[in-house]
Amino acid sequence: MSSPGRPPRRALPIAMLTALAAVPAIGLAGTWQYAEANLPPPTTTTTTTLPPPPVGRLNTALLSLRRHPTPLAERVAEVDSAEAFMKRVEVLGNDVGEASCFRLVDDTDLVAELNAELPVIPASNQKLLVAAVALDVLGTDYRFRTELQSPPPTAGVIAGDVYVVGGGDPVLRTAEVPDPLRYPSFNTTRFEALVDRIVFLGITAIDGNIIGDGSRYDDEFRAPSWGSDITSIDAGPYDALLVNDGLIANGNYGLDPSRSAARIFYDMVVARGITITGSPANESRPVDAGFTTLALVESRLLTEVLVEMLHTSDNNTAEMLVKEIGYITAGQGTRVAGLQAIRATLAGWGVALDGVELHDGSGLSRDNRITCAALTAIMSSTPVSNELRDLLPVAGRDGTLARELLGTQAEGRLQAKTGTLTDVKALTGSLPSDSRVQVDFSLVLNGEGVDQPAEYEPVWKRVVALIDDYPIVIEPDLEPFTPR
């Protein structure tokens, strides 16, 4: 039906269409006849094309997976690679033992583990928890301050007591008392700077006592869970005012750290020609006494103090940091408040704390328990992991690792914290593999004699070799999977 208002189309007659179609056909026929009439006469030469040689018939079905061998070969190579790596892990497991733990992670991806959730004695790996939380709670640019406070001086004379007020600086030292430890402290704070300042101010006499004030922290000078084998050479007594780790002279340690510090300051002032009518003592300075700050000395940045702690495994530094964390977070300079803050911070970061028990900051307590899973989490997946890694000693180069792993793939590359107690040996840190994959790891050995080099060194070397070879890659072999 046509649309209204539009004239109907007229169809062409069928006869006309037939005639139009015939015109090209007639032209083509004439052209063919003309071309055939002008062809040259045929020759007697002939060309024969031989068929290709016969090919063996493929038995592989058209839709078989063998028609696509690459994915098959790659998958088998992946399985073989994983199996080869796990065989290495199993060999390592025979060395680690049931009472110890081991864990490797690539970023946050698990690479391998053995008893990773088993609570073990961490020894000085405990300091990693303290350092990590200190970075977060105190901040990288935190400094400890030690002050001299007294009545305002008049004409070079201080009429009253001078207080040496401790601010928790764990590395206050004097030049005349060398550090007797195997790994001496460094990045220290120069205690003599306080005396230099009052000499500069023209002070000639102090009509009073020199009083050490360590009241920023409580009077628990040793962790209660330490055994009698932990002596002052190892740690303690410590307080918010601590000079030369409490060492007075000739290997003797004072019973009260703040009083010992006052004695050291008293002797230095007298040696500089300043008269003192009183004696060394210790007590808290009076509140609202109208004192002025005569002098102060600040520590290096927190990161440098942490480098000292982690490189020398400084036990007093660790314990004082725990109390400083407690003071900043809860207003209580106590071990209990500090450990509670450490635990809460780790939990907030998502570190699994099942079975974890914290009794001190240094790791000297044999009551501490931690897992390799928690230690590797601190190294790999907390907000401070990258900063913490950079503070650790390097194998074969410095700190407690200066003489370890020499001549291995770890030398100059592995960064880790060591830990040693009788029958405990720990190593937690990071090592890039030969293929430049950054692997964080924790190995904590608990068992009879594991702290002896003959026992732990072979295990450390196997761990290093395992990480260096990670990931094991077996190249795909296509031949077994090609069509037959």
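Among the residues making up region 415-443, those that are touching a Gly at 6+ places or on another chain (Cβ under 6 Å) and among the hydrophobic types (A, V, I, L, M, F, W, C) are A416, A426.
Per-residue answers, yes or no, for (1) under 16 Å from C101 (Cα atoms); (2) modelled with pLDDT of 95 or more:
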position	(1), (2)
R397	no, yes
L405	no, yes
E411	no, yes
T422	no, yes
V459	yes, yes
V463	yes, yes
V473	no, no
P480	no, no
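Considering region 207-244, the residues that are of a type in the set (D, E, K, R) and within 21 Å of G326 (Cβ to Cβ) include one that is surrounded by the most Cβ atoms within 10 Å (Cβ to Cβ), namely D239. Residues that are farther than 21 Å from N187 by Cα and touching a strand residue (DSSP E or B) at 6+ places or on another chain (Cβ under 9 Å) within region 287-322 comprise A289, F291, T292, T293, L294, listed in sequence order. Against the criterion of being in a helix (DSSP H, G or I), at pLDDT 95 or above and surrounded by 20 or more Cβ atoms within 10 Å (Cβ to Cβ), A344 does not qualify. Only residues that are among the polar types (S, T, N, Q) and farther than 24 Å from T317 by Cβ were counted in region 347-375, giving 1. If the condition is being part of a loop (DSSP other than H, G, I, E, B) and either of a type in the set (K, R) or more than 24 Å from E357 (Cα to Cα) (or both), then region 300-338 contributes R300, L301.
Being in contact with a Lys or Arg (Cβ under 7 Å, 6 or more places away or on another chain) and not in a loop (DSSP other than H, G, I, E, B) is the filter here; which residues of region 422-474 pass it? Matches in region 422-474: T428, G429, S430, L431, P432, F441, S442, L445, Y456, L466.
Here's the yes/no breakdown for (1) within 30 Å of P458 (Cα to Cα); (2) assigned by TED's automatic domain parsing to the domain that holds V444; (3) modelled with pLDDT under 75:
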residue: P41; (1), (2), (3): no, no, yes
residue: P52; (1), (2), (3): no, no, yes
residue: T60; (1), (2), (3): no, no, yes
residue: R67; (1), (2), (3): no, no, yes
residue: V79; (1), (2), (3): yes, yes, no
residue: E83; (1), (2), (3): yes, yes, no
residue: D107; (1), (2), (3): yes, yes, no
residue: K127; (1), (2), (3): yes, yes, no
residue: T140; (1), (2), (3): no, no, no
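L392 meets each of the listed conditions (1) under 28 Å from S232 (Cα atoms); (2) not charged (D, E, K, R); (3) not in a loop (DSSP other than H, G, I, E, B) apart from (3).
The values are calculated or read from the model by the stated rules, or taken from the named source; none is laboratory data. Please read all numbers here as calculations on a predicted model, not as lab measurements. Cβ: placed from backbone, ideal geometry, glycine included. Neighbour counts: every protein chain shown.
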